[in-house]
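Engineer: Following this message is one structure expressed as structure tokens.
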Ligand SMILES: Cc1ncc(COP(=O)(O)O)c(C=O)c1O
């Protein structure tokens, strides 16, 4: 058996797509019994920054804290009695699993949920809380593809129904139900809808509905730079596997987009942009600090993408805040990546002479008045003249860097800057 997702057939050329605006409207009626009609809120910060009216569709406020309940419930509720009795399986980086878990619990269907080891603990715990005794969580491998493979084997062996996280017409139609809700709440179609992209389920659904019902609305998908699988598919003209995937944006870290999702996104004429992970971290912090919104990395992709988009002043833009399942232990890394991205945090390897007063001279001569040492890791070696220290410095202003570098240069100390993202950086920091 070949691992799923590698062989590609353009299903859109074979038969008319089973996802249409009508299947999305039908899904909307089905999921209404379990899905919250999440608020659509005008955001002052982003409106001011862009000169447009920027609205946030708060899917982070779903009972499962992401839009994923829409697709999962739309699929499972359509299973007949025999299929429900066999139970369901799914693979998920965490949020789809929560949707499946709640759907299982509400419909009394047994579910086995495969998650990769990279799934944050917070998400694993939520799956168990939502699904109760109706679900089992099985941790396997370290990527979404590993979990998918294991779930497929289970489904083949047990006859349980696979509930795909994105690549199934019923999942896609369910995710698409966000679109009619936005238009109803706004009272008219927005000029632009910006939303995150992982495997492409959300954008395939929303893009299909908007292209049919409101073709003047522009749909823009935002994906992480380290997992730009929809961009790769657009470039290649078909879904292609990425050579490597950065797991940081765990909701959207998908190596290959779907066979169903890709042609729908292409035919809807959606645009795709990529977002740098450091910039995404800064936007997560702004959402938290300025707007009081806890967004997970994937949930902040759409608003983070606004900076790089051409937005007509006065236009109406809706950004989908897709999920809010952020593990609190991740904020340390998020802060760090944001500081590095903003040019405020720098690391150096400094070789100190092994003599009294060397550190005092460094503090007096090299450190500027607003420079803050955030890391000092020093190993004194008795049999050497110099001892190396790894030093992290946080600046108050990114423009303070040239001065710091000049003073380091003048200090006669051996100094090596540790470039962010380099192998040395990953090893040391
Ligand atoms: C919060 C969140 N946003 C966006 C995505 C990307 O979704 P899709 O695979 O539908 O493109 C996911 C996927 O799990 C997610 O959990």
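Each reported figure results from applying straightforward, stated rules to the coordinates on display, with no laboratory input. Here the structure is a predicted model, which means the values were calculated and not measured. With ideal geometry, Cβ positions are generated from the backbone for all residues, glycine too; neighbour counts draw on all protein chains shown.
Engineer: Round to a whole angstrom and tell me the spacing of the C-alpha centers of region 273-298 and region 45-103.
Structural biologist: 20
Engineer: So, R0 is 22 Å and r is the distance between the beta-carbons of residue 363 and residue 426; what FRET efficiency does that work out to, to 0.05?
Structural biologist: 0.20
Engineer: Right, next: To make sure I understand, if each residue's beta carbon is the centre and we count other beta carbons within 10 Å, what order do 121, 106 fall in, fewest to most?
Structural biologist: Least crowded to most crowded, the residues run 121, 106.
Engineer: Further question: How large is the Kirkwood hydrodynamic radius of region 343-428, in angstrom, based on all distinct alpha carbon pairs?
Structural biologist: In region 343-428 this quantity evaluates to 13.4 Å.
Engineer: In a Debye calculation with equal point scatterers on the alpha-carbon sites of region 200-239 and no solvent, what is log10 I(q)/I(0) at q = 0.15, 0.20, 0.28 Å⁻¹?
Structural biologist: Here log10 of I(q) over I(0) equals -0.41, -0.68, -0.98.
Engineer: Right, here's the next one. So what's the back-of-envelope 222 nm ellipticity for the chain, counting only DSSP H runs of four-plus at -39500 (n - 2.57) apiece and dividing by all residues, rounded to 500?
Structural biologist: -12000 deg cm²/dmol
Engineer: In nanometres, what is the gap between the two model label sites at residue 329 and residue 37, each 7 Å from Cα along Cα-to-Cβ?
Structural biologist: For the pair residue 329/residue 37, the computed spacing is 4.0 nm.
Engineer: Report the semi-axes of the equivalent ellipsoid for the chain in whole Å, largest first, where each axis is √(5λ) for an eigenvalue λ of the Cα gyration tensor.
Structural biologist: After diagonalising the Cα gyration tensor, the semi-axes are 44, 25, 19 Å.
Engineer: Place the peptides 255-268, 20-33, 393-406 in order of packing, highest mean first, counting for every residue the other Cβ atoms within 10 Å and averaging per peptide.
Structural biologist: Descending mean neighbour count gives 255-268, 20-33, 393-406.
Engineer: Taking the mean number of other Cβ atoms within 10 Å as a proxy for protection, how do you rank 416-427, 126-137 from highest to lowest?
Structural biologist: Top to bottom by mean Cβ count within 10 Å: 126-137, 416-427.
Engineer: I would also like to ask the following. Mind ranking 274-283, 351-360 by how tightly packed they are, going by the mean number of other C-beta atoms within 10 angstrom, highest first?
Structural biologist: 274-283, 351-360
Engineer: Expected output is a single nm value to one decimal: the length gained when fully extending between residue 410 and residue 216, i.e. 0.36 nm times separation in residues minus the C-alpha distance. What is it?
Structural biologist: This chain segment gains 63.9 nm when fully extended.
Engineer: Taking the beta-carbon count within 10 Å as an exposure proxy, list 68, 57, 123, 345 from fewest neighbours to most.
Structural biologist: By the 10 Å Cβ count, ascending: 345, 123, 57, 68.
Engineer: Hey, with R₀ at 30 Å, roughly what FRET efficiency would residue 133 and residue 25 work out to, going by the Cβ-Cβ distance, to 0.05?
Structural biologist: FRET efficiency, residue 133 to residue 25: 0.30.
Engineer: When the distances between all Cα atoms of region 69-169 are binned every 5 Å from zero, what whole-number percent does each bin get?
Structural biologist: Here the calculated profile for region 69-169 is 3, 16, 28, 28, 19, 6, 1.
Engineer: Out of all DSSP beta bridges with both ends in the chain, state the antiparallel percent to the nearest 5.
Structural biologist: 45
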